[in-house]
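Below you'll find the structure, written out as C-alpha cells, and then a few comments.
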Amino acid sequence: MRLPVVLSVAALLAAACGTQQAAHPVGHPPAKSTQAAEVRLAGEGRFGAPATGGPAIAYDGKLVPRGASARVTAVSGAVLATSTVVVEGFLPDRTYGVHLHVNPCGADPEAAGPHYRHVHTHASADNEVWLDFTTDSEGAATATSRQDWAFPPGKAPRSMVIHAQRTKATGAKAGTAGPRVACVTLGEG
C-alpha cells in the first residue's frame, strides 16, 4: 500500500509570491513545483530470518519474531501528513520506538539513514514522524501520527524503522530509541 504526499500551503504560497519555502527535509532543497501533488507512501511485509531481503527486514529475531508483520501508510495533504503503522505477531505487552527514515531499508540496519525531518533543526515529534507503539497481549498494535506539514513530492520518507525502545522525547538524547530491530521500505503509489 502506498501513501500520498502533497505540497504544503506554505510552499504553494511561496511559489505564488516568488519566494522560497524555508522549511524542507534534511538533505532536500525546497520544492520548486507550483502545483500541489498528492503523494501516497506504503510498505508492508512479513518478517523472516534476520536481515532477509524484501520490503520487510528483521535485524533482531528476539524482538521481532519470525512471522511478525507490519503495514505502514503515510498520506500527505496540502497542510497535513498522517502516518499509520499496524503490526501483528510482535512480542506481547512491549513498547517499540518507530520513526520514518530518509532511505530504503538494507541488510545493514544503518542503510535507512537518519530520521526523516521536516526541517533541519532538532529531533522532536513536531519535526519528525514518530509512531511508537505498545503491543497488546497478542503482540498487535496500531499507531498513528499527524503532522501539520506535508511531504514534498519526490522527497518523501523511504522507510519505517522499528527500534528496540520507546523514543526519548526530551533532553540531549531526544529522538533516540535504541537499536534498529526491523525496517519496512516505503514506495510511492
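The values are calculated or read from the model by the stated rules, or taken from the named source; none is laboratory data. Note that this is a predicted model, so its numbers are computed, not measured. Cβ atoms come from the backbone with ideal geometry, glycine included; neighbour counts cover every protein chain shown. Remember, those area values only see protein heavy atoms, side chains included, never the ligands or the DNA or RNA. Shrake-Rupley method; radii C 1.70, N 1.55, O 1.52, S 1.80 Å.
Some values worked out for this structure:
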quantity	calculated
Selection count, the stretch 153-163, where residues are under 18 Å from ALA56 (Cα atoms) and either outside any loop (DSSP other than H, G, I, E, B) or open to solvent by 10 Å² or more (accessible area, probe 1.4 Å) (or both)	6
Residue tally, condition open to solvent by less than 70 Å² (accessible area, probe 1.4 Å), out of contact with any Ser or Thr (no Cβ under 7 Å at 6 or more places or on another chain), part of a loop (DSSP other than H, G, I, E, B) and not aliphatic (A, V, I, L, M), over the stretch 137-152	2
Unmet requirement for VAL64, which otherwise passes all of (1) open to solvent by less than 30 Å² (accessible area, probe 1.4 Å); (2) modelled with pLDDT of 80 or more; (3) over 20 Å from GLU110 (Cβ atoms); (4) not in a strand (DSSP E or B)	(3)
Residues being open to solvent by 50 Å² or more (accessible area, probe 1.4 Å) and under 20 Å from ALA177 (Cβ atoms) - total across the stretch 72-90	0
Residue that is least open to solvent (accessible area, probe 1.4 Å) [pool: residues in the stretch 123-136 that are under 14 Å from ALA81 (Cα atoms) and part of a strand (DSSP E or B)]	GLU128
Residue list for the stretch 165-185, filter: open to solvent by less than 10 Å² (accessible area, probe 1.4 Å) and out of contact with any His (no Cβ under 6 Å at 6 or more places or on another chain)	GLY175, VAL181, ALA182, CYS183, VAL184
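Yes/no per residue for (1) more than 13 Å from the chain's Cα centre (by Cα); (2) within 25 Å of GLU38 (Cα to Cα); (3) among the acidic types (Asp, Glu); (4) modelled with pLDDT of 95 or more:
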| site | (1), (2), (3), (4) |
| --- | --- |
| VAL79 | yes, yes, no, no |
| GLY97 | no, no, no, yes |
| HIS118 | no, yes, no, no |
| ASP132 | no, no, yes, yes |
| ALA143 | no, yes, no, yes |
| TRP149 | yes, yes, no, no |
| THR176 | yes, no, no, no |
